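Data first, discussion second: the structure below is written as structure tokens.
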Amino acid sequence: MYLLTMCIRSICRNRIRSILLVGVCGAAILLLHIYQGNLSDNLQQLKDLPKIFSITAQVTNRNGSRDTGLEIDPQIVEKLKVSDYVKDLKLTMQLAGVLKEERKGVEAKEAEVSMRAINRGDALPGFSWKNVELTEGINSSFLEGNGAECLVTERFLKRNNLTEGERIRLLIRYPKLDDLGKVEWIDGGQEQFQIVGVIKDGEETGEWQELPDVVVPFGWAESTRDAWKADSASFILNLEDAEDINRFKEEMKEIPLHEIQPVGENNVEGNALVVRDESFLDSAARLKRQVRMLQWFRPVIAAVTLLAGYVAAWLLAQSQQKEYWLMRLEGVKAGNCFLRFFLEHFFLALAGLGLAGIVLAGVGTQHQETTEVFWKSGGLFLLCYLSGTAAALLLSGRRSVMASACDWRTG
């Protein structure tokens with residue numbers, strides 16, 4: 001209590017000096033706050049970069065000349081499905097069929113049918129759910145299942161005198177491709193499908209694009225024959241931060257999905273991956289450069305702050321030599337003398353921290369992120385400043401003792 005009282009009296013007695021030191025500490029903390037805020041903003045932007053840039057990837061053949069009409073190994077598809085870095089995986093499978101019409105009162109006939117197996121509506125170019133009328137009780141998630149259900153185009157219904165909700169029997173054919181992409185259609189057995197939705201003709205919606213007659217769930221096709229393979233695969237990268245891009249690419253190499261080689265073999269095997277991450281990588285590189293530059297300044301700023309504390313404490317100690325000697329002559333221990341002067345600097349630095357907080361609150365920048373940055377910058381300042389203060393007081397106290405001893409001997 002005695003030391004605390006002496007500190008307060010000293011601060012009040014030297015008001016101008018104390019006010020100047022509080023102002024200097026407050027200004028230094030505000031500068032540190034700006035520095036720490038820039039560093040935190042850049043680190044946060046680097047972390048949020050995957051949310052800003054939607055990075056897409058597409059399976060291709062080895063030289064990148066094909067991204068559809070491929071033969072993608074089922075094991076590759078399964079590994080993409082379970083990868084934590086893959087989001088909104090879009091899979092398609094090219095099929096064909098022959099409609100087997102065997103209804104009573106209708107002459108038996110066969111009709112060629114174009115087919116496509118997909119796992120999501122947006123996997124099929126030109127497809128839009130707003131142009132689809134689904135049977136009551138059915139929703140778009142049926143494409144993610146493996147049931148024998150299908151969507152058919154309105155023109156297909158009209159051409160074959162069918163109605164929504166009917167069952168149709170199809171002889172399924174799947175493509176077998178040679179290295180040059182030449183297609184041989186192979187019979188894959190028959191299946192009865194329940195019509196659960198109708199795709200409206202594009203002429204009426206103004207969004208006409210040629211769509212297959214029949215669309216079936218990819219899961220059904222995948223579970224029916226091991227020989228049937230996806231002919232295209234694309235997805236969006238699911239990244240937590242910018243560094244995940246490298247971990248993702250390493251995982252893709254283990255699948256294996258390789259980088260494209262323009263001079264590679266021009267075949268139909270889907271074993272390469274094109275990642276459209278140019279803008280993402282450019283932004284990440286720029287932010288990393290800024291972060292490195294700011295982090296390089298951190299030890300410099302810490303050293304300057306420590307030096308400022310040392311100089312301020314040293315100058316004050318020179319003006320308080322007599323007070324120090326009197327305390328020692330009164331029998332006050334060196335440790336208590338050190339604590340008395342150190343507390344004075346501590347209170348002044350703490351007041352500077354409060355002043356900086358008031359300034360920030362006054363300009364309306366006090367929110368959660370800013371508060372965290374403020375306490376980080378304030379903590380860094382107090383640590384460095386008081387470390388410099390302690391070093392200066394210890395050195396000054398030692399010199400005072402030596403000077404006092406010399407004066408006693410000469411006397």
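Miscellaneous remarks
- Taking a straight Cα-Cα cut-off under 25 Å and skipping sequence neighbours fewer than 8 places away in the same chain, the lysines within cross-link reach of residue 51 are 79, 81, 87, 90, 249, 253, 288.
- Globularity index of segment 1-136 is 2.45 (Cα radius of gyration / 2.2 N^0.38 Å, N = number of residues).
- Length gained when the stretch residue 285-residue 140 is fully extended (0.36 nm per residue, less Cα-Cα span): 48.2 nm
- FRET efficiency estimate (nearest 0.05) - Cβ-Cβ, residue 128 to residue 190, R0 30 angstrom: 0.50
- Along each principal axis, taking the top coordinate minus the bottom one, the Cα set of segment 14-54 gives 60, 8, 7 Å in descending order.
- Modelled label positions at residue 78 and residue 303, each set 7 Å beyond Cα in the direction of Cβ, lie 5.9 nm from each other.
- Database remark: amide H of residue 233 closer than 5 angstrom to the amide H of 59 (H placed geometrically; neighbours at sequence offset of 5 or more, or on other chains; Pro and chain starts carry no H).
- Working from Cα pairs under 8 Å separated by at least six residues, relative contact order for segment 36-141 is 15 percent.
- For segment 205-263, chymotrypsin sites (Phe, Trp or Tyr not before Pro) are listed when DSSP marks them as loop and at most 14 other Cβ atoms sit within 10 Å of their Cβ; the list is 208.
- Straightening the chain between residue 247 and residue 311 buys 18.2 nm, computed as 0.36 nm per residue apart minus the Cα-Cα spacing.
- Across segment 163-171, rounded Karplus estimates of 3J(HN,Hα) from the backbone phi angles (6.51 cos²θ - 1.76 cosθ + 1.60, θ = phi - 60°) give 10, 4, x, 5, 9, 10, 9, 10, 8 Hz, Gly and Pro being marked x.
- Convex hull of segment 114-158 built on C-alpha atoms - directionally averaged projected area, nm²: 3.6
Since every read-out is calculated from the coordinates, none of them should be taken as a lab result. Given the structure is predicted, the values throughout are model-derived calculations rather than measurements. Don't worry about glycine lacking a Cβ; one is built from the backbone with ideal geometry, like all the others, and counts go over all protein chains shown.
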